[in-house]
1. For segment 1-69, with every protein chain kept in place, what is the accessible area per residue (1.4 Å probe, Å²)?
2. Solvent-accessible area per residue for segment 85-179 at a 1.4 Å probe radius, Å²?
3. Could you point to the residue in LEU126, ALA148, ILE105 farthest towards the positive end of segment 100-155's charge dipole, with +1 and -1 charges on the Cβ of Lys/Arg and Asp/Glu respectively?
4. Please label the shape of segment 41-134 as rounded, prolate or oblate, based on the square roots a ≥ b ≥ c of the eigenvalues of the alpha-carbon gyration tensor (a/c under 1.5 means rounded; beyond that, a/b larger than b/c means prolate, else oblate).
5. For the chain, give the percent of accessible area contributed by carbon and sulfur heavy atoms, probe 1.4 Å, rounded to a whole number.
6. What dipole magnitude, in Debye to the nearest 20, does the chain give about its Cα centre under +1 on Lys/Arg Cβ and -1 on Asp/Glu Cβ?
7. Where does the chain land on Rg(C-alpha)/(2.2 N^0.38 Å)?
8. At a 10 angstrom cut-off on C-beta neighbours, averaged per residue, how do the peptides 134-140, 172-178 rank from highest to lowest?
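The values are calculated or read from the model by the stated rules, or taken from the named source; none is laboratory data. These figures come from a predicted structure and were not determined experimentally. All Cβ positions, glycine included, derive from the backbone under ideal geometry; neighbour counts span all protein chains shown. We work out accessible area using only protein heavy atoms, side chains counted, and drop any ligands, DNA or RNA first. Shrake-Rupley method; radii C 1.70, N 1.55, O 1.52, S 1.80 Å.
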Amino acid sequence: MSYAYKPRKSLVLIGLMGVGKTTVGRRLAHALKLQFRDADEEVEKAAGRSVSEIFEDFGEHAFRDGERKVIARLLEEPPMVLALGGGAFVDGETRDRVKALATSIWLQADVETLVQRVARRDTRPLLRDEDPETVLRTLLNKRQAAYAEADIHVDASGGSHQITLDTILQALESREARA
Ligand code: S3P
């Protein structure tokens, strides 16, 4: 299904690892006939290395620098759907830039759901060495105040990605109607 609604600004998906930013983002882009980009993938392309390799070879700090630059570049492009890595919106500069140039959407889910979802992939350096549930709970505590600054908050816990997508589209339409 596609919608006549055309966002004037990019739509930026934020939230913890495993919440479905990439999957939902692709569907949202398809529904709105926008381009989809994934910030992690763009960092990987720019660095010629995977996220895990960047962490291993240069450390998290270097990854965060690259992430900030890549996101700044993407936000200068015409409206798109952009999925950010889980830590990106915690960076003050990135958060300010997203607030100024885009509409931000926080996908939320309970930690139990996230733990199940992240277990499907082994590509996340922050979850490799410690118990994923403990890491995700700690990150949620540290990050939720920043995430809560997003324009739109969506519950992505329970149902399918389709339900999450429908909720986002409704929220966008009602924002548009109020604008
Ligand atoms: C991170 C999340 C990852 C990736 C990196 C760090 C984080 O992205 O950017 O491993 O700090 O939460 P996803 O949220 O897309 O898994």
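1. 51
2. On the way: 5100 Å² over 95 residues.
Accessible area per residue, segment 85-179: 54 Å².
3. Of the options given, the answer is LEU126.
4. Oblate shape, in that a/c is at least 1.5 and b/c is the bigger or equal ratio.
5. Numbers: 4410 of 9140 Å².
Solvent-exposed carbon and sulfur of the chain make up 48 percent of the total.
6. Values: 27 positive and 29 negative charges, 146 e Å.
Rounded to the nearest 20 debye, it is 700 debye.
7. 0.99
8. On the way: 134-140: 17.0, 172-178: 11.7.
With the highest mean Cβ count within 10 Å placed first, the list reads 134-140, 172-178.
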